[in-house]
Amino acid sequence: WIQPFLVKNDFLILGRMKDETTCCSDTKILSVSEAERKQRAAARWKILRSALLGKNTSLIAKNASIHRFAGFQMLSRQIVEIATPSAVDETKETDYAVYDYTIPRRCTNTHHNEESITSSGALRVRTRERTQNEGQKIDLKALTSHRHFGVDNTGNARVWDSEATLTHCLMQACWDDQKPSAITSKLRLSNLWNLASQNNDDNTLHVVELGAGMAGIAGLSLAATALAGLLDNGIDVDVLLTDGHPDAVQNNIVNAGLTNSLYPGHEDRGNIKSTRLLWKDTQEGADDCTDLIANNQRRYFDLCLASDCVHFQEFHAALAMTVARLLRVDGAAIFCQPHRSHSLQRFMKLLDCINKRDTPLWEFSVVDDYDEEMSKRHKQYSEEDSSYDPSIHYPVLLLVRKIRELDESLDRETAVRHMADRDAVKTSTAAADPQVK
């Protein structure tokens, strides 16, 4: 579709779905011709024009969209009803549908060391999501969301495929004690619930999801494990879904109620809340995070989740500082994110720059071969589907562990300086080479 958009300096800029000068495939960076770059740019402006006019998009323009590939779709879902938008904003002409997600448990047979799917232990999550209609006319307020709310509208455009992939991976990390998942192996855990048992005296896994969009399925699924009574270790789950856009926050309040309704009488087992949080690399951002922690019974979070949140590179420092402020020492952050050309690499360089102070703040690593089914589909799509581009469609996992207390002043100064230096290099490179965007 036509998202994402950015509004800067009173000019409307169509957000690039990926870097126009390079294309990443696995570990190889391939050059894209200038003619192809111009063709894609022109096609995306056609997508914008069609959305503004409420017209169907041409086939050529569709082929330039990031959504030309349907995604990995690792979760099964079905529509249970068509909903009204009244709980968000009665003035908006927006169509909604209520979805039931079924998330099977995968566990290892201890006798034969074989993996199987346990349908009886399947989780259910219920969400309300905006529907995508061909020829749908875009709302001008959504288009200029960055000016109104300080954040773009991408989280309200759709539930992005990385969210489903992250949820799928989290379920592996929850249950595969006999066959450790990629997440638990890298984080040195037997399962994800160990994060709750390490330093907490309340035996609760405190989870925060950043940039949850209109449906924080990953966070909802972790809460659902407790709501469904699947935890026999006495651990409760407390989930806070956050986003910078107020519409997303309000919709996740609805999602919390819908998911709770699936488990009547067990609402005390899993607590789901939703609140607004903008990422900021300023003292104001630090104060916002302090208030968030105060509202969480003065507890830092054990686990931070983020799916497809690294692609807007101007927010890298703000995102890194937000994670550092919210996580407790030895807490973990899990990012699920396609490379999107250089965006993920540049975010990791920022993390590494902060680490070069006297004592590292993080341990982090990237895992690209983390699930057998994902790897199988990745190989198949690469060979058979011309619309598939691993750089923008294949999510990898960035696993981060916080290993010391945050020094708000010095660590923030380091992050902000790194961003300024990076922008300076980009500016000088663009001045030397007009083809660099």
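The values are calculated or read from the model by the stated rules, or taken from the named source; none is laboratory data. These numbers come from a predicted model, not from an experiment. Cβ atoms come from the backbone with ideal geometry, glycine included; neighbour counts cover every protein chain shown. Surface areas here come from the heavy atoms of the whole protein model, side chains and all, with no ligands, DNA or RNA. Shrake-Rupley method; radii C 1.70, N 1.55, O 1.52, S 1.80 Å.
Screening MET321 on (1) touching a strand residue (DSSP E or B) at 6+ places or on another chain (Cβ under 9 Å); (2) within 18 Å of LEU210 (Cα to Cα) shows it passes everything except condition (1).
With respect to THR131, determine if the residue is within 23 Å of LYS402 (Cβ to Cβ), open to solvent by 10 Å² or more (accessible area, probe 1.4 Å), at pLDDT 70 or above and in contact with a strand residue (DSSP E or B) (Cβ under 9 Å, 6 or more places away or on another chain).
In short, no.
Taking the criterion of being at pLDDT 95 or above and of a type outside the set (A, V, I, L, M), the residues of the range 281-298 that qualify are ASP281, THR282, GLN283, GLU284, GLY285, ASP287, ASP288, CYS289, THR290, ASP291. Taking the criterion of being open to solvent by 30 Å² or more (accessible area, probe 1.4 Å), in contact with a His (Cβ under 8 Å, 6 or more places away or on another chain) and either in a helix (DSSP H, G or I) or not polar (S, T, N, Q) (or both), would at least one residue in the range 212-230 satisfy it? Yes; the residues of the range 212-230 include at least one that is open to solvent by 30 Å² or more (accessible area, probe 1.4 Å), in contact with a His (Cβ under 8 Å, 6 or more places away or on another chain) and either in a helix (DSSP H, G or I) or not polar (S, T, N, Q) (or both). For the range 423-433, the criterion of a residue being in contact (Cβ under 8 Å) with a residue 24 or more places away in the chain, charged (D, E, K, R) and open to solvent by 20 Å² or more (accessible area, probe 1.4 Å) is satisfied by no position. Every listed requirement among (1) open to solvent by 50 Å² or more (accessible area, probe 1.4 Å); (2) in contact (Cβ under 8 Å) with a residue 12 or more places away in the chain; (3) of a type outside the set (A, V, I, L, M); (4) part of a helix (DSSP H, G or I) is met by TRP279 save one, (4).
Can you confirm whether the range 263-273 contains a residue that is modelled with pLDDT under 95, open to solvent by 10 Å² or more (accessible area, probe 1.4 Å) and either hydroxyl-bearing (Ser, Thr, Tyr) or not in a loop (DSSP other than H, G, I, E, B) (or both)? Yes: the range 263-273 contains one or more residues that are modelled with pLDDT under 95, open to solvent by 10 Å² or more (accessible area, probe 1.4 Å) and either hydroxyl-bearing (Ser, Thr, Tyr) or not in a loop (DSSP other than H, G, I, E, B) (or both). Enumerate the pairs (first residue in the range 242-255 and open to solvent by less than 10 Å² (accessible area, probe 1.4 Å); second residue anywhere and assigned to a helix (DSSP H, G or I) and modelled with pLDDT under 95) with beta-carbon separation below 7 Å, excluding pairs fewer than 6 apart on the same chain, so at least 6 apart or on different chains. Matching pairs, first to second residue: GLY244/PHE149; HIS245/SER145; HIS245/PHE149; HIS245/GLY155; HIS245/ASN156; ALA248/GLY155; ALA248/ASN156. Every condition in (1) open to solvent by 60 Å² or more (accessible area, probe 1.4 Å); (2) under 30 Å from ARG68 (Cα atoms) is met by ASP385 except one, and the failing one is (1).
Taking the range 196-211 as the search range and keeping residues that are part of a helix (DSSP H, G or I) and surrounded by fewer than 23 Cβ atoms within 10 Å (Cβ to Cβ), which one is modelled with the highest pLDDT? Looking at the filtered set, the residue picked out is SER197.
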